Amino acid sequence: MVDKFSKETRSYVMSRIRGKDTKPEILVRSYLFSKGLRFRKNDRRYPGSPDVVLPKYNTVVFVHGCFWHLHEGCKYASMPKSNVDYWEKKLYGNRERDERNRKQLEEMGWNVITVWECELKKDKLEQTLEELYAQITSEL
């Protein structure tokens, strides 16, 4: 299948994708901060550089994009139809790395919570954030 964009346009589009400070991450952090929780963000001292590190609660939070981390059973996690070999290696590699990081963090004694991008859509947002807050604070 031929790409819709020219090579230069595709390169530009891909260059705009960021690994941190994404809208879903900012949404989660803003909510947690408004609830009085204080945290570190994208702390590179820990495996996977968790999006939110809450030392007081011994908890880390990852905010994953459904496409980039292949959220199982999610309509937003579809495999691209062009350059399939590259994308399979890339996306399944992301999933394996996430699992390795999760295990390492759990071995270090951290509670690991993953929030998926699809859980932050308007219809589920409030419930997801309330459950996240409850999950974090109940760990004390």
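The values are calculated or read from the model by the stated rules, or taken from the named source; none is laboratory data. Note that the structure is predicted; figures quoted are calculated from it, not measured. Backbone-built Cβ (ideal geometry, glycine too); neighbour counts: all protein chains shown.
The figures follow:
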| item | result |
| --- | --- |
| GLY65 being closer than 27 Å to LYS4 by Cα and modelled with pLDDT of 95 or more | no |
| Boolean, ASP43 is at positive phi and without any contact (Cβ under 8 Å) to a residue 24 or more places away in the chain | no |
| Candidate set from region 1-44 (those that are assigned to a helix (DSSP H, G or I) and at pLDDT below 80); member that is nearest to the chain's Cα centre (by Cα) | MET14 |
| Complete set of residues in region 88-136 that are among the hydrophobic types (A, V, I, L, M, F, W, C), surrounded by 16 or more Cβ atoms within 10 Å (Cβ to Cβ) and either in contact with a Cys (Cβ under 8 Å, 6 or more places away or on another chain) or assigned to a helix (DSSP H, G or I) (or both) | LEU91, LEU105, TRP116, CYS118, LEU120, LEU129, LEU132, ILE136 |
